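**Student:** Dumping the structure here so I can ask a few things about it.
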Amino acid sequence: MRFDVFTLFPDVFQPYLQASILQRAAQRGLVEVRLHNIRDWAYDRHHVTDDEPYGGGGGMVMKPEPIFAAVEAVLGAELACPVILLSPQGRPFTHGVARQLAELPHLALLCGRYEGIDERVCQHLVTDEISIGDYVLTGGELAALVVIDAVARFLPEVLGDPQGAQDDSYASGLLEYPHYTRPPEFRGWSVPEVLLSGDHVRIERWRREQALQRTWQRRPDLLDSAPLSEADRRFLAGLPPRNSGEDQEAHDPDAP
Ligand code: JQB
């Protein structure tokens with residue numbers, strides 16, 4: 001799968017792409033990320049890419065001409081692939097969106113800076129606008145890396161694990177059960193006995209119940225759309241009421 005990234009800061013991508021699993025994926029030819037500096041298509045003497053907003057009000061806005069020139073030069077005027085703008089105004093990026101994007105052979109990602117991008121880019125060049133969450137970043141670059149990382153995990157072979165992304169958290173619609181590895185006791189804290197028992201039926205049941213309990217505590221909204229068995233529903237009905245949990249919103253100062 002090929003990603004064309006349009007940005008004023010191509011250098012911030014390299015360190016992450018050259019570490020992690022993404023480097024291996026690139027070496028194996030599964031993922032190709034091409035970085036394009038929008039400034040290379042700013043043809044005035046000082047290669048200016050931003051200007052003051054019409055209507056006033058401080059801050060700067062990215063000019064349309066270098067962005068259109070860059071994207072059309074790289075993709076051709078037909079724009080045969082989606083052009084995704086990362087912005088706080090986009091539709092929420094989720095597990096499901098990542099899985100759908102991974103079906104495509106080619107994506108273009110457009111990263112803004114300053115207070116944003118001239119609206120004519122959004123209307124006439126961009127085909128899809130995505131946000132990675134409800135907080136404001138200083139630009140789209142980190143969001144583009146998040147999208148590349150999450151999409152790449154869905155490509156067959158990238159994880160080098162036959163179970164791949166099918167098995168993790170959001171695939172089941174629930175949060176994950178807790179994980180443990182050696183040693184069996186660390187600073188007096190023991191691994192739950194059931195995981196050492198070798199009884200795979202008991203282990204599966206324990207993991208399922210842990211996943212259900214955590215989801216109920218931390219993300220009850222997910223239970224509305226998670227596929228649940230009758231046994232799951234009985235287990236949830238037997239849990240103590242929410243809010244008695246230690247970890248629920250423990251660090252959220254705005255929590256009621
Ligand atoms: C400029 C960005 C994000 C791209 C995603 C997310 O957007 C702004 N509005 C006012 C002031 C400053 C900005 C910063 N900004 C380009 C740009 C923020 C993406 C962004 C994003 N995707 N949060 N922030 N989830």
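No value in this document is a laboratory result; all are computed from the given coordinates. Bear in mind the structure is a predicted one, so any value in this text is a computation, not a measurement. Backbone-built Cβ (ideal geometry, glycine too); neighbour counts: all protein chains shown.
**Student:** Which of the listed residues, V5, L155, L228, is farthest toward the dipole's positive end in the chain, when Lys, Arg count +1 and Asp, Glu count -1 at the beta-carbon?
**Tutor:** So the residue furthest toward the plus end is L228.
**Student:** How high is the relative contact order of the stretch 1-160, in percent, counting Cα pairs under 8 Å that sit 6 or more residues apart?
**Tutor:** Values: 268 pairs, mean separation 47.7, N = 160.
Worked out over the stretch 1-160, it gives 30 percent.
**Student:** Given the convex hull of the Cα atoms of the chain, what is a quarter of its surface area in nm²?
**Tutor:** 19.2
**Student:** Then there is this: If packing is taken as the average number of other Cβ atoms within 10 Å across a peptide's residues, how do 235-243, 6-14 rank, most packed first? Can you show the working numbers first?
**Tutor:** Values: 235-243: 11.1, 6-14: 18.0.
Going from most to least packed, we get 6-14, 235-243.
**Student:** Work out, step by step, the length gained on full extension between H124 and S225: first 0.36 nm times the residue separation, then minus their alpha carbon distance; give nm to one decimal. Can you show the working numbers first?
**Tutor:** Details: separation 101, 0.36 × 101 = 36.36 nm, distance 3.51 nm.
Working it through step by step, the gained length comes to 32.9 nm.
**Student:** Quick one: if you stick a label point 7 Å off each Cα along the C-beta vector at A171 and W189, how many nm between them?
**Tutor:** 2.7
**Student:** Per residue of the chain, what 222 nm ellipticity follows from adding -39500 (n - 2.57) for every DSSP H run with n ≥ 4, rounded to the nearest 500? Please report the intermediate quantities before stating the final value.
**Tutor:** Working: 10 runs with 84 residues, N = 256.
Value at 222 nm, helices only, nearest 500: -9000 deg cm²/dmol.
**Student:** What is the ratio of the Cα radius of gyration of the stretch 1-102 to 2.2 N^0.38 Å, where N is its residue count, to two decimals?
**Tutor:** Numbers: Rg = 16.1 Å, N = 102, 2.2 N^0.38 = 12.8 Å.
After normalising by residue count via 2.2 N^0.38 Å, the value is 1.26.
**Student:** Please give the net charge around Q14, taking every other residue with its beta carbon less than 13 angstrom from that of Q14, where Lys and Arg add +1 and Asp and Glu add -1.
**Tutor:** Working: positive: R34; negative: D11, E141.
So the environment of Q14 carries a net charge of -1.
**Student:** Send over the per residue convex hull volume for the stretch 78-179, Cα only, as a whole number of Å³.
**Tutor:** Values: hull volume 11.8 nm³, N = 102.
It comes to 115 Å³ per residue, whole-number rounded.
**Student:** Could I ask something else about it? Using r as the Cβ-Cβ distance of L30 and R242, and R0 as 41 Å, what FRET efficiency do you calculate, to the nearest 0.05? It would help to have the intermediate numbers written out before the result.
**Tutor:** Values: r = 42 Å, r/R0 = 1.02.
That pair, L30 with R242, gives E of 0.45.
**Student:** Counting pairwise Cα distances across the stretch 98-143, what percent come out greater than 17 angstrom? Please list the in-between numbers first.
**Tutor:** Details: 421 of 1035 pairs.
Counting every Cα pair in the stretch 98-143, those more than 17 Å apart make up 41 percent.
**Student:** So, with +1 on the Cβ of K and R and -1 on the Cβ of D and E, and no other charges, what is the size of the charge dipole of the chain about its Cα centre, to the nearest 20 debye?
**Tutor:** On the way: 24 positive and 39 negative charges, 159 e Å.
In total the dipole reaches around 760 debye.
**Student:** May I ask for the net charge around F154, where only other residues with Cβ less than 10 Å from the Cβ of F154 are counted and Lys, Arg are +1 while Asp, Glu are -1? Walk me through the intermediate numbers first.
**Tutor:** Details: positive: R99, R153; negative: E103.
Here the charged neighbours net out to +1.
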